[in-house]
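As structure tokens, the structure follows; a few thoughts come after it.
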Amino acid sequence: VGFELLETLRNGLSDPASVERVGNGVRIRIGRADTLIPVGDHRYVIRYRTDRQIGRFEDFDELYWNATGNGWAFPIDRAEATIRLPRQVRFGQRAAYTGLHAAAAAGNAAE
């Protein structure tokens, strides 16, 4: 699928970033490796454009989106995603999920 990073902000200011393709997605690295982020709360805004994300099935079309990704080394206290489609559509069934990825949850249950 297509992916174009448009903007990365930390606390309202532009922050350098790079994109790396991994597995079935991308990893966005924000900031500089030689710069420590001060302890405290920070707000990051990541704007990007992507295409070909709609799954087409016999009875329905589907947008399945993992907004934050998995495997973070630190807690995410709050996350928000805004999805803009090229044109207005009527939504049928909706679902939202939060918490550990199924594989991570299974690993934690075994410990």
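The values are calculated or read from the model by the stated rules, or taken from the named source; none is laboratory data. Computed from a predicted model, the values in this text were never measured in an experiment. Here the Cβ is made from the backbone with ideal geometry for all residues, glycine too, and neighbour counts use every protein chain on show. Surface accessibility is based on the protein's heavy atoms, side chains included, excluding ligands, DNA and RNA. Shrake-Rupley method; radii C 1.70, N 1.55, O 1.52, S 1.80 Å.
Structure notes:
- Using C-alpha pairs under 8 Å with a sequence gap of at least 6, the mean separation divided by the residue count of the chain gives a relative contact order of 23 percent.
- Heavy-atom accessible area for Y44, with the other protein chains in place and a 1.4 Å probe, reaches approximately 100 Å².
- Gained length - T35 relative to L5, 0.36 nm times residue gap less alpha-carbon distance: 8.7 nm
- In loop segments of the range 1-83 as defined by DSSP, the GluC sites (Glu not before Pro) with at most 16 further C-beta atoms inside 10 Å of their C-beta are E58, E80.
- Under conditions of 4 °C and 1.567 mPa s, the range 46-101 yields 93 µm² s⁻¹ as its translational diffusion coefficient, taking Rh as the Kirkwood radius over Cα pairs in the Stokes-Einstein equation.
- Taking only alpha carbon atoms, the chain gives an Rg to Rh ratio of 0.98, where Rh is the Kirkwood radius.
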